[in-house]
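Worksheet: one structure, shown below.
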Amino acid sequence: MTAFLFDLDGTLVDSVYQHVLAWREALEKTGIELAVWRIHRRIGMSGGLLINALLRETGRRITAEEAAHLQQIHAEAYARQVAQVRPLPGARELLAYLSDNGVPWAIATSGRLQSARPTLEVLGVGADAPVITRDQVSHAKPDPDLFLAAAVRLQVQISDSVVVGDSVWDLLAARRARALGVGLLSGGYGQDELEQAGAYRVYQDPADLLKHLDEVGVRTAT
């Protein structure tokens with residue numbers, strides 16, 4: 001049976017821009033100024049990779065301790081904005097439909113548990129839901145570790161899994177994991193970008209995916 005492995009930010013919850021602004025605040029507090037569009041293009045990576053990528057654009061270097069401090073500032077800034085975060089249209093309904101029809105699903109996020117926990121609460125995901133965070137794997141997206149760990153948690157083959165994400169980093173990780181990739185436009189990336197990164201199908205948001213589950217292999221009794 002097909003299993004679904006979901007990214008979180010921009011895929012199930014409308015939180016991408018809150019993360020962008022939180023990263024901008026963290027960077028500015030350490031004397032690094034970047035346009036928000038540059039930050040947005042890196043959302044979906046792990047915090048460490050995101051920092052490295054952005055600093056490469058500025059030519060600046062920082063120590064491991066400074067990078068850890070940046071991530072802590074980001075987490076605190078995001079926590080102040082999480083009240084603005086909402087589930088994306090159809091997200092709760094999609095997860096409920098899969099559960100009601102016996103289709104296994106898990107969430108795999110590049111965020112650490114500290115920032116992911118309040119977002120999961122916004123989504124209404126209980127403590128018993130299978131969730132893999134950055135804290136639990138050696139490498140985050142675009143490495144495949146998060147999705148591979150989620151498949152193990154569900155006791156399914158990664159080749160029988162559908163990875164659903166909103167960024168090119170999700171889809172690159174899906175490709176490297178040898179899973180089927182499905183893209184959503186709800187994180188701000190364009191359809192062409194997602195398809196070029198390996199998306200088999202691209203939908204508007206979770207509500208749109210819910211209407212087209214048959215296109216990605218979900219068969220339920222009628």
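Quick notes on this structure:
- Being surrounded by 22 or more Cβ atoms within 10 Å (Cβ to Cβ), among the aliphatic types (A, V, I, L, M) and at pLDDT 95 or above is a description that does not apply to Ala140.
- Verdict on Leu172 being touching a strand residue (DSSP E or B) at 6+ places or on another chain (Cβ under 8 Å), surrounded by fewer than 21 Cβ atoms within 10 Å (Cβ to Cβ) and either closer than 24 Å to Leu88 by Cα or modelled with pLDDT of 95 or more (or both): no
- Scope the stretch 156-167; condition surrounded by fewer than 21 Cβ atoms within 10 Å (Cβ to Cβ), out of contact with any Pro (no Cβ under 8 Å at 6 or more places or on another chain) and either assigned to a loop (DSSP other than H, G, I, E, B) or in contact (Cβ under 8 Å) with a residue 40 or more places away in the chain (or both); matching residues: Gln157, Asp160
- Of the candidates Gly183, Gly126, the single residue that is assigned by TED's automatic domain parsing to the domain that holds Gln204 and either closer than 16 Å to Pro206 by Cα or surrounded by 21 or more Cβ atoms within 10 Å (Cβ to Cβ) (or both) is Gly183.
- Looking across the stretch 27-74 at every residue that is of a type in the set (Val, Ile, Thr) and free of Cβ contacts under 8 Å to residues at least 40 places away in the same chain, the one that is surrounded by the fewest Cβ atoms within 10 Å (Cβ to Cβ) is identified as Thr63.
- Among the residues of the stretch 108-119, none qualifies, meaning not one is outside the structural domain of Leu185 (by TED's automatic domain parsing), within 18 Å of the chain's Cα centre (by Cα), at pLDDT below 90 and under 20 Å from Leu194 (Cβ atoms).
The values are calculated or read from the model by the stated rules, or taken from the named source; none is laboratory data. As the structure is a prediction and not an experimental result, all values here were calculated from the model. Cβ atoms come from the backbone with ideal geometry, glycine included; neighbour counts cover every protein chain shown.
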